[in-house]
1. Would you be able to tell me the number of residues in region 278-301 that are in a loop (DSSP other than H, G, I, E, B) and within 26 Å of the chain's Cα centre (by Cα)?
2. Return yes when Gln24 is at pLDDT 65 or above, in contact with a helix residue (DSSP H, G or I) (Cβ under 7 Å, 6 or more places away or on another chain) and outside the structural domain of Leu206 (by TED's automatic domain parsing) and no when it is not.
3. Please indicate, with yes or no, whether at least one residue in region 302-309 is farther than 25 Å from Ala211 by Cα, part of a helix (DSSP H, G or I) and among the small types (Gly, Ala, Ser).
4. Among the candidates Val278, Val301, which residue alone is touching a helix residue (DSSP H, G or I) at 6+ places or on another chain (Cβ under 9 Å) and crowded, with 19+ Cβ neighbours inside 10 Å?
5. Among Glu227, Glu209, Glu280, Glu265, which is out of contact with any Gly (no Cβ under 9 Å at 6 or more places or on another chain), more than 30 Å from Leu70 (Cα to Cα), of a type outside the set (Val, Ile, Thr) and in the same structural domain as Arg308 (by TED's automatic domain parsing)?
Amino acid sequence: MKCKVAQERIVAAAYEELAGEQAQELELHLAGCAKCGREQEQLLALKELAGANPVMEPDANLVARSRLKLDAALDALPAQRWYERLGQRMRNNFALLQAAPVAACLLLAAGVGAGLLGGTELAAHRAGHTLAAHATTAQTTTAQAPRTQAQPETSAGTAAPAEIANISSIVREPNSHRVEVRYNQVVPQRIEGSLDDPAIRQLLMLASENATSTGVRTDSVGLMAAECKAGHGCQKAAGIRDALMVSLRYDKNADVRAKALQGLEPYVAEDVRVRDAVLEALMNDGDPQVRTAAINILVPVEGDTSVRQVLHTVVNTDRNPYIRNVSREVLSREPEIQ
């Protein structure tokens, strides 16, 4: 046995996932290979050290948000055409044929045709099942009243399947038929309060990262920008200023970026990070209106060396003539800094 194969089996053996014959072969190899023996000792020591620390379960809201983002990303993937699915299935089958015994090869070859014929029906069945599940989820969500607190633990049969995000643990009481199942729920909730409320502000910052709804991002960024322009609670420690800079740099919607830019305008003179974010928008944003707004916001700090350098670069190299002209006008109002 080669050391590379042995090291792969050492990992499987450490977690009791190695078959009996392979475990015997590994033991024979370890008896004569000091290098692999040290590898096994190090892995077992690492496993013991990791086992000494408690395993922390992720927050239910984090799990729910991650699942929703994953579903949105999967929905955004383009559907495969029938010939792409056929090619992928054939590649998978040939890969299996290379590693399978002769008898298994014959069985696999016989099953390829049946698999291809049944694939279309299976896909249609899954699509119908998915639509039905979404309809059930929508009906359940509509029927529920909004809540301001999480639901308490419930007994068996009280949680609708559409509300369950995932199962976290299953424990059976010894010598009994009682089972404890812990699960995380996705439950619609509602909170009302002033824009000065820290909980409201936290939710607005979270909403600015909503990848599935441009409207939610636009509303949240617009509210935060209005608060910043009014001078309400946009200190560095509050986090809203950082959330607006993230939206300005990375949001795919130009309206959201423009609103974020408006909220950052009062801080371009006092906060170098804000100034750098606005300069990045001037150089790299794909929307001319956002770039023009960035130039206008930089007017109060047009004498800053970094601002003038960027404006000179835009005047000399930018492809948009209007952006070049606006930048040139700003530079002409301030004497050149030597």
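1. Of region 278-301, the ones in a loop (DSSP other than H, G, I, E, B) are 285-287, 298.
Narrowing further to those that are within 26 Å of the chain's Cα centre (by Cα): 285-287.
Total satisfying the criteria: 3.
2. Judged against the criteria, Gln24 is not a match.
3. yes
4. Val278
5. Glu265
The values are calculated or read from the model by the stated rules, or taken from the named source; none is laboratory data. All of these numbers come straight from a predicted model, not from anything done at the bench. Every residue, glycine as well, gets a Cβ built from its backbone with ideal geometry; the counts of neighbours run over all protein chains shown.
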